[in-house]
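The values are calculated or read from the model by the stated rules, or taken from the named source; none is laboratory data. Here the structure is a predicted model, which means the values were calculated and not measured. Every residue, glycine among them, receives a Cβ derived from its backbone with ideal geometry; neighbour counts consider all protein chains shown.
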Protein chains: 2
Amino acid sequence: MSSEFDLIARHFTRATRQTDLGVGDDGALLRPQAGMQLVVSTDMLVAGTHFLADADPHAIGWKTAAVNISDMAAMAAQPRWITLALALPTVDEAWLAAFAEGFAACCAAFDVDWIGGDTTRGPLNLCATVFGEVPAGEAVLRSGARAGEDLWISGRPGLAALGLQQLLGQRELAADWRVPCLAALHRPQPRVALGLALRGLATAMLDVSDGLLGDLGHVLEQSHCGALLEEARLPLAEPFAACQDAAAARNALLRGGDDYELLFSAPADLRAQITALSVQLELPLTRIGQLREESGIELLAADGTRSTLVARAYDHFGA
Amino acid sequence: MSSEFDLIARHFTRATRQTDLGVGDDGALLRPQAGMQLVVSTDMLVAGTHFLADADPHAIGWKTAAVNISDMAAMAAQPRWITLALALPTVDEAWLAAFAEGFAACCAAFDVDWIGGDTTRGPLNLCATVFGEVPAGEAVLRSGARAGEDLWISGRPGLAALGLQQLLGQRELAADWRVPCLAALHRPQPRVALGLALRGLATAMLDVSDGLLGDLGHVLEQSHCGALLEEARLPLAEPFAACQDAAAARNALLRGGDDYELLFSAPADLRAQITALSVQLELPLTRIGQLREESGIELLAADGTRSTLVARAYDHFGA
């Protein structure tokens, strides 16, 4: 059987481009640029909760890096370095090689150096920690939103939730939409370019990992305000096309997690600028409502009726 | 049942002293000092491999922080920040409170800010990532040892291995030694002050987590040299007093892991300075041998006979 040290050498050691010392010592050495704040985030992925145990290992590797890099996008930071600690029940060389390739591919796609980690035996567990840089004071936090500002969402949230329903046999998606929905689930695209472009524009931002409503709740709580969502503005077309069920599409959009789109607030006088950014990045940016003084989340339906929505995030220990 | 967010608020959110933004956003914000390199290390702990499942949760918390902080000591870095991601099978409030107290106590003892993390449901897994600072170019790596230099070890390695044997019912330690051996196992003391004091003195260094011989092997491999250990110099007195068995004491010292003592090399003309440091820090520092050109590790016994030792580190995937 391969030793832990062989495994690290064979699968987990990659060339670095912006690191003073990578894998192989008690720690890695890196040098943040002067005037920058370092942004640090860690995400742990567990089989059954964050991915299905029989999922493609390349996709698991991609996703492990992507969900971490997405946190850098959500802070308007440039992701630069990442570590990976993992527990493995057994050594399956083919699985490991594909997993490491997927992790490295995502790192390379976003110019992130894989600088080190830890390997141990145990129930499958993947824990990455990512480091980014942002000019001091320019990170976009969850706490900066103000009543009167617009609320925006990137991309087509809901596709990943529909992809998961397809995988679990709970829904039969339209044939044309299976691939994009599964891609949204398995290979989320951290919105790094968008996050960087929103420095100085967005007043609050986070990445939607636990569902749009639940994550919106975090912004509202930290920014001490409420929100009015307009149903007619929700980017429902693609989830609807995928499942041809309006209620399911809306539910996937509002409550589905795992799309890693950016939810952000911005002053109303920046609408033209944000629309131009959407064209430039070739990424839909949709204004879905407004922030207001009254707490809570209200949904304004197309027929003018209003209903209160519960800002419940996906909770790993919830009932 | 408590939600994930309640748990984080109740147990995992502590005041920080040297951090711009701690727990609660997509990432933490910190600002390394100008001219410093950042040192990053991550260690994952799993029940059964790194601690017994029924161990005192306060001790598990302490150890999770300590083994990470120890990596900073081993790089001659000042530890400053730490994140903790954990997977929990269930929510046991009493266990969690004690675990978090132990983790926080170790952080506080070494002036480390606990800046964030992640909590998920899954088989028990504890993954911390630690960040330290070192003046650029002054980190002590594994690769800097040269033939002719002395080899030193801190403290009394072997006590943790004997403590584990006692716990597992494999050995009955002398009554006076049970407490110190179990303390070495459960509450390892990262040698931060020693690591910092050895900047500019030690040429190579690491912390002994996988056994002295195995970890020495890493230094020798990266420094391209070999070592001659002198049995008469090994600090065997305390392991022997604990178990009154010379072979067991020697084996615990050479092959036992988990003491987190620092193994380092230094030029012979620094002996007096290092001995003075030992007095100043009230920490035994023992010169146990010498580095040499010939590869491998040889042991010179008290009677003048020589034998070759195998530099085998504890391997999580070994046979």
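Figures for the structure shown
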item	result
Filter result (closer than 24 Å to residue A:249 by Cβ and aliphatic (A, V, I, L, M)) within the range A:203-219	A:206, A:208, A:212, A:213, A:216, A:219
Meets criteria (in contact with a helix residue (DSSP H, G or I) (Cβ under 7 Å, 6 or more places away or on another chain) and either more than 24 Å from residue B:25 (Cα to Cα) or surrounded by fewer than 24 Cβ atoms within 10 Å (Cβ to Cβ) (or both)) for residue A:124	no
First in the range B:85-112 and in the same structural domain as residue B:56 (by TED's automatic domain parsing), second anywhere and charged (D, E, K, R), Cβ under 6 Å, 6 or more apart	B:85/B:118; B:104/B:14
Matching residues in the range B:7-40 - criterion: being within 20 Å of residue A:129 (Cα to Cα) and surrounded by fewer than 20 Cβ atoms within 10 Å (Cβ to Cβ)	B:8, B:13, B:14, B:16, B:18, B:19, B:20, B:22, B:23, B:24, B:31
Test result for residue B:263, in the same structural domain as residue B:154 (by TED's automatic domain parsing), surrounded by 15 or more Cβ atoms within 10 Å (Cβ to Cβ) and under 20 Å from residue B:307 (Cα atoms)	no
Boolean, residue A:131 is away from chain B (no Cβ under 14 Å) and in contact (Cβ under 8 Å) with a residue 40 or more places away in the chain	no
Residues (at the interface with chain A (Cβ under 10 Å from one of its Cβ atoms) and in contact with a Gly (Cβ under 9 Å, 6 or more places away or on another chain)) located in the range B:51-69	none
Exclusive hit being of a type in the set (Asp, Glu) and in contact with a Lys or Arg (Cβ under 9 Å, 6 or more places away or on another chain), set A:93, A:101	A:93
Selection within the range A:9-50 - within 7 Å of chain B (Cβ to nearest Cβ), in a loop (DSSP other than H, G, I, E, B) and polar (S, T, N, Q)	A:49
From A:117, A:148, A:137, residue being at pLDDT below 95 and closer than 21 Å to residue A:262 by Cα	A:137
Residue A:228 vs. criteria within 17 Å of residue A:287 (Cα to Cα), touching a residue at least 40 places away in the same chain (Cβ under 8 Å) and surrounded by fewer than 21 Cβ atoms within 10 Å (Cβ to Cβ)	yes
Condition met for residue A:195 (assigned to a loop (DSSP other than H, G, I, E, B) and at the interface with another protein chain (Cβ under 10 Å from one of its Cβ atoms))	no
Tally, over the range A:108-134, of residues that are hydrophobic (A, V, I, L, M, F, W, C) and part of a strand (DSSP E or B)	8
Residue, farthest from residue B:289 (Cα to Cα), within the range B:231-248, restricted to residues that are surrounded by fewer than 23 Cβ atoms within 10 Å (Cβ to Cβ) and among the aliphatic types (A, V, I, L, M)	B:241
